[in-house]
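Worksheet: one structure, shown below.
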Amino acid sequence: MTDTYLNLVNAAPFAGVAKRLGLPRPVELRRYRPGAPLVDGPVLLVGTGAGAQELADELLGWDLDVVRHHRPKQRLGAIVLVLDDVTDPTALSAPVLAAAEALRDLRPGGRVVTLSRPAADTTDPAMAAARRGVEGLLRSLAHELRGGATGNGILVRDGLPVTVTSVVGALRFLLSGRSAFVDGQFLTVVDGQGTPDPDADRPLTGKVAVVTGAARGIGAAIARTLHRDGAHVIAVDVPAAGEALAGVANELGGTALQLDITAPDAGERILAHARDRHGRLDVVVHNAGITRDKLLANMDAARWDSVIAVNIAAQLRMNEQFLASDVFGAGGRIVSLASTSGIAGNRGQTNYAASKAGVMGMVAATAGLMPAGATVNAVAPGFIETEMTARIPFATREVARRLNSLQQGGRPTDVAEAIAFLASDAAGGITGQTLRVCGQNLVGA
Ligand code: NAD
């Protein structure tokens, strides 16, 4: 779906009018293009600890132009703020203000990424205050950035070096165009699991991935993105969507499996399909989902039960079947679709929000049940331009898509990129979490 206003506001006569009237001025986001540079310009790395220098060396290894001090007027592609060693809120001043001086020189589509430690990992009040302080400052900064620039953070559990594989993997994702619609968010690296991706441009080379609800919308974008990154894709959808499903599978040289995921043996059938054709299953993306909106006062059993059945009960049952199987094993990845409705709540969506909040609860609890090296996470999209959101009445849609820091809706591909990252080998130290892909929704949490 096209965003007519975004095109208009970037064209000559209207651009000036919009600026004078203080109207939203969304810009085309810097998205991943194979072969394009990872970052559009030098990376300023600020931080005094030993970790900061080690990280600078790591970035130099990616052929990036890394600078440790900002020269006035030097245009920057990104600012990385390494704050892993802060022990007191007063210690934030020097590095934060050094980064602040450089902000005006951040290019459109630029990135700010903080690296710090989780406050929950310390019992020292001053250290916890400093650590939570980083989260507050980053979230506010993300609201301030313009020109499609984003700000995100990586929290590194105490005891882990800041150069551990999943920190480096998360940093690469957040710096790149793959994270275009991720803004104001934190990813926590919980352990040292994770191995470097075999190929940075095709990180899923040789993996076998199943995507449910792959016939259209976000699911089709996920299938395309996983395929682009090197995976063999098994595309699943209901028989009624068979033709569109076959189209997606054929386009990607993958296979189609017509299946209603609420069937009691859905997981078994996916496993059998993967075993017969590939002998393995590495990545599961639980994308299929439905809405049946009604105010709770008018809710009926059919609407409530069908949303719970498709959006969460089916995932719980399939995960049990996957975890009991030796086809899905060490190094496996499960990524589920949640929604910001499940975080902030949404009028008319009690059933949907219960199911999507349920997904977040499920992934947090399932993390402890996963085999060695395997992870389970969720992605929570905000307003994404799909057939589902195209059906929202014009005025409501126009408001909903502007109510985030990037002042526009995301694209299905933005959700797909986050899923592809969580499915990668390098993300092995990230589990049990929900990553929002919402442009930093202004509504709710
Ligand atoms: P969509 O309606 O365009 O596509 C969903 C697909 O799932 C369809 O192809 C459908 O046939 C399939 N499906 C539904 N029930 C199924 C079942 N029982 N078995 C197998 N397949 C089934 O939706 P979308 O907008 O692409 O959303 C995809 C996911 O992202 C959903 O989980 C949705 O809740 C979530 N999400 C979407 C948005 C958004 O803005 N579009 C925002 C937040 C979350």
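The values are calculated or read from the model by the stated rules, or taken from the named source; none is laboratory data. Fair warning: this is a prediction, and the values are worked out from it, not measured in the lab. Methodologically, a virtual Cβ is constructed for each residue, glycine included, from the backbone with ideal geometry; neighbour enumeration extends over all protein chains shown. These area figures cover heavy atoms from the full protein model, side chains too; ligands, DNA and RNA do not enter into them. Shrake-Rupley method; radii C 1.70, N 1.55, O 1.52, S 1.80 Å.
If you go through region 317-346, how many residues are part of a helix (DSSP H, G or I), farther than 12 Å from VAL285 by Cα and either in contact with a Pro (Cβ under 8 Å, 6 or more places away or on another chain) or within 11 Å of the ligand (Cβ to nearest atom) (or both)?
So the count comes out to 5.
Name the residues in region 265-307 that are away from the ligand (no atom under 12 Å from the Cβ), part of a helix (DSSP H, G or I) and among the hydrophobic types (A, V, I, L, M, F, W, C), would you?
LEU271, ALA272, ALA274, LEU296, ALA297, ALA301, ALA302, TRP304
Hey, could you check region 184-226 for residues that are in a loop (DSSP other than H, G, I, E, B) and basic (Lys, Arg) and say which is surrounded by the fewest Cβ atoms within 10 Å (Cβ to Cβ)?
ARG202
Can you name the condition, by its number, that ASP276 falls short on among (1) of a type outside the set (A, V, I, L, M); (2) free of Cβ contacts under 8 Å to residues at least 12 places away in the same chain; (3) buried (at least 16 other Cβ atoms within 10 Å of the Cβ)?
(3)
Could you list all residues from region 142-167 that are surrounded by 22 or more Cβ atoms within 10 Å (Cβ to Cβ) and among the hydrophobic types (A, V, I, L, M, F, W, C)?
Answer for region 142-167, where residues must be surrounded by 22 or more Cβ atoms within 10 Å (Cβ to Cβ) and among the hydrophobic types (A, V, I, L, M, F, W, C): ALA142, ALA149, ILE154, LEU155, VAL156, VAL162, VAL167.
Suppose the filter is among the small types (Gly, Ala, Ser), on the phi < 0 side of the Ramachandran plot, in the same structural domain as MET388 (by TED's automatic domain parsing) and within 10 Å of the ligand (Cβ to nearest atom); does ALA214 pass it?
Values: among the small types (Gly, Ala, Ser): yes; on the phi < 0 side of the Ramachandran plot: yes; in the same structural domain as MET388 (by TED's automatic domain parsing): yes; within 10 Å of the ligand (Cβ to nearest atom): yes.
So ALA214 fits the description; yes.
Hey, could you check region 51-75 for residues that are of a type in the set (A, V, I, L, M, F, W, C) and closer than 24 Å to PRO108 by Cβ and say which is least open to solvent (accessible area, probe 1.4 Å)? Quick ask: steps written out before the conclusion?
If we filter region 51-75 for residues that are of a type in the set (A, V, I, L, M, F, W, C), which is where we start, we get 52, 55-56, 59-60, 62, 64, 66-67.
From what is left, the residues that are closer than 24 Å to PRO108 by Cβ are 59, 62, 64, 66-67.
Details: LEU59: 1, TRP62: 50, LEU64: 23, VAL66: 28, VAL67: 21 Å².
Looking at the filtered set, the residue picked out is LEU59.
Of everything in region 242-251, what is open to solvent by less than 20 Å² (accessible area, probe 1.4 Å) and either among the charged types (D, E, K, R) or more than 8 Å from the ligand (Cβ to nearest atom) (or both)? Give them in sequence order.
Listed by number, the residues that qualify are GLY242, VAL248, ALA249.
For region 394-430, how many residues meet the condition of being assigned to a loop (DSSP other than H, G, I, E, B) and open to solvent by 30 Å² or more (accessible area, probe 1.4 Å)?
Result for region 394-430: 3.
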